[in-house]
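Novice: Can you keep this structure in mind? I'll have questions shortly.
Read-outs throughout are calculated quantities, based only on the coordinates presented, and are distinct from any laboratory measurement. Keep in mind the model is a prediction, meaning the values are calculated, not measured. Neighbour counts run over all protein chains shown; Cβ positions are idealised from the backbone, glycine included.
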Amino acid sequence: MTTTEAPKTTAMKSYDKLMIGGRWVEPATDSVIKVVSPITEEVIATVPEAREADVDAAVAAARKAFDEGPWPRMTPAERAAFLVRIGKEVEARFDAMAEAFTNEIGAPAAVSRAFHNNALKMWGDASTLHERLAFEEEREWEGGHGRLVREPVGVVATIIPWNGPVATASLKIGPALAAGCTVVLKPAPEGPVSVMMLAEALEAAGLPEGVISVLPAGREVGEYLVSHRDVDKVAFTGSTAAGRRIMSLCGERIARVTLELGGKSAGIIADDIPLDEVLPTLVFAGLGNSGQVCANLTRILVPRERQQELIDALVPAYESITVGDPREPGTVLGPLAAERQLERVLSYIEIGKAEGARLVTGGGRPPGLDKGWYVQPTLFADVRPDMRIAQEEIFGPVVVVIPFDRIDEAVDIANGTDYGLSGAVWAKDSALAEQIARRIRTGQIAVNGWDMCVTQPFGGYKQSGLGREGNVEGLGAYLETKLIQFA
């Protein structure tokens with residue numbers, strides 16, 4: 001699908017029911033989530049806010065469907081046919097989902113459509129996982145033989161953030177359903193409308209009763225869901241701080257958990273590559289979706305003697321970026337998703353200046369954009385690796401340039417944070433680039449480019465997460481392994 005011009009309206013469909021067990025039902029309370037546009041700062045939609053009683057109902061439906069229903073007892077190929085239908089239903093709602101994402105989160109049309117194209121890829125990939133991983137296989141060993149059986153882990157609680165909700169939900173739900181699990185999905189309160197549209201797609205695909213529930217809610221209800229005794233596994237994407245809390249709650253019951261968390265990814269530029277071969281991907285890799293992507297390259301490592309050359313190239317590129325209303329054609333960066341994000345990003349800019357980093361462009365709100373939560377593309381130079389702006393995830397359009405003197409030093413700097421999610425290496429010598437890439441402790445790393453490969457294993461080292469999502473490695477996270485031994 002190609003990008004089209006977004007309509008200039010923030011009015012969106014509101015919802016008054018929750019989807020529990022595949023059916024739209026009245027919520028347990030009259031509590032609602034008011035969806036505030038980051039473009040206009042006005043309420044543009046409402047959805048029910050799920051409470052503990054709704055969680056109990058959803059988990060009970062999922063438990064019954066798993067313990068007694070047909071879903072986990074179908075063949076993998078039979079479940080795959082449903083996943084194909086889900087993909088078609090998502091595609092049928094593609095334009096509406098993309099428009100909703102633009103309005104509720106502030107992503108420009110091109111970014112929104114890219115996210116939802118990724119969702120389609122994920123459903124397509126999930127529908128073929130059974131062709132690539134054997135759910136049963138024969139095993140032999142000295143003195144015996146048996147059958148290795150991979151079975152669904154059970155009821156899965158899926159908790160997703162607001163920065164790409166339909167894509168993130170698809171990355172988790174697709175493999176969970178392919179495995180035979182039943183799912184309770186909790187989207188964030190900042191971006192629930194596009195996910196409620198996903199719920200409509202799931203309903204239209206005709207899944208058996210109880211297999212899927214969608215419960216928009218905040219952190220308190222999320223903790224209740226994670227702690228629920230009938231939830232067998234938790235799949236979470238969000239901040240490292242929240243992931244640490246979820247892991248501790250899962251640890252109390254030895255519940256299975258996968259975590260996709262924060263990042264502070266580095267892009268390393270060698271001394272032998274022309275910058276015009278780097279810039280086309282480097283700029284977007286740091287600023288895409290207004291910097292609100294966990295895998296963004298927010299640290300640029302460059303030979304000290306090339307730092308000013310890089311700055312001279314990046315400044316005009318940054319200053320030429322159109323920041324503004326994401327519904328306008330030509331807008332490259334929209335607003336941040338929430339007012340607290342604006343405050344967080346501006347505070348980090350002040351921290352960077354106080355630490356002694358050189359602010360070379362940006363650094364505040366764009367002139368003339370007093371309404372909406374906008375921040376200029378911001379670039380710091382002469383950044384030391386130990387500065388907070390070089391160590392902590394900012395989650396906004398702020399990129400730091402860190403000079404190095406030797407490749408070994410660059411590797412140490414790249415590895416010198418608590419994170420390890422993504423990364424990139426640019427070098428004319430491709431053997432050197434791969435050699436450097438192999439030394440970086442990160443879940444994905446690109447050579448002479450950058451992308452998030454959504455149909456291959458994705459996840460982090462260190463505090464960037466636990467486990468992998470995507471492809472058969474992601475499917476494995478939703479399976480238990482049993483060995484049946486024959487005398």
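Novice: Is the stretch 342-457 best put as rounded, prolate or oblate by its Cα gyration tensor, with a ≥ b ≥ c the root eigenvalues, rounded for a/c under 1.5, and otherwise prolate when a/b is larger than b/c, oblate when not? Kindly include the intermediate steps, with their values, before the conclusion.
Specialist: Values: a/c = 2.25, a/b = 1.64, b/c = 1.37.
Verdict is prolate for the stretch 342-457.
Novice: Lysines within cross-link reach of residue 88: Cα-Cα under 17 Å, excluding same-chain residues under 8 positions apart?
Specialist: 121
Novice: Subtract the Cα-Cα distance of residue 354 and residue 388 from 0.36 nm times their separation in residues, and report this length gain in nm to one decimal. Before the final figure, lay out each step's value.
Specialist: Working: separation 34, 0.36 × 34 = 12.24 nm, distance 1.04 nm.
So the chain would gain 11.2 nm between residue 354 and residue 388.
Novice: To the nearest 10 degrees, how steep is helix 339-355 against the longest Cα principal axis of the chain, on a 0 to 90 scale?
Specialist: The two axes meet at around 40 degrees.
Novice: Using a Cα-Cα cut-off of under 24 Å, which lysines could be cross-linked to residue 64, ignoring same-chain neighbours fewer than 8 residues away?
Specialist: By straight Cα distance, residue 64 reaches 17, 172, 186, 233, 482.
Novice: Relative to the longest principal Cα axis of the chain, at what angle does helix 307-319 sit, 0 to 90 degrees, rounded to 10?
Specialist: 70 degrees
Novice: Moving on to the next point. Rank-order 141-151, 353-363 by packing density, defined as the average count of other C-beta atoms within 10 Å over each peptide's residues, highest first. Intermediate values should be presented prior to the final figure.
Specialist: Numbers: 141-151: 12.0, 353-363: 16.3.
So the order, starting with the most tightly packed, is 353-363, 141-151.
Novice: Which of the peptides 220-227, 303-310 is most tightly packed, and how do the rest follow, judged by the mean count of other Cβ atoms within 10 Å per residue? Walk me through the numbers on the way to the answer.
Specialist: On the way: 220-227: 19.8, 303-310: 16.1.
Final packing ranking: 220-227, 303-310.
Novice: Pull up the cross-link candidates among the lysines for residue 371, meaning alpha carbon to alpha carbon under 17 Å and not fewer than 8 places away within one chain.
Specialist: Candidates past the 8-residue exclusion: 8.
Novice: Rounded to the nearest 10 degrees, what's the angle between the helix 52-68 long axis and the longest principal axis of the chain, both from Cα atoms, 0 to 90?
Specialist: Compared with the principal axis, the helix lies near 60 degrees.
Novice: At residue 128 and residue 141, where each label point lies 7 Å from the Cα along Cα→Cβ, what is the point-to-point distance in nanometres?
Specialist: 3.5 nm
Novice: Given a Förster radius of 22 Å and the C-beta distance between residue 74 and residue 203 as r, what FRET efficiency does 1/(1 + (r/R0)^6) yield to the nearest 0.05? Provide the component values of the computation, followed by the final result.
Specialist: On the way: r = 19 Å, r/R0 = 0.84.
Rounded to the nearest 0.05, the efficiency is 0.75.
Novice: Using just the Cα positions, wrap the chain in a convex hull and report its mean projected area in square nanometres, one decimal place. Show your work: numbers first, answer last.
Specialist: Working: hull surface 94.8 nm².
Mean projected area for the chain: 23.7 nm², to one decimal.
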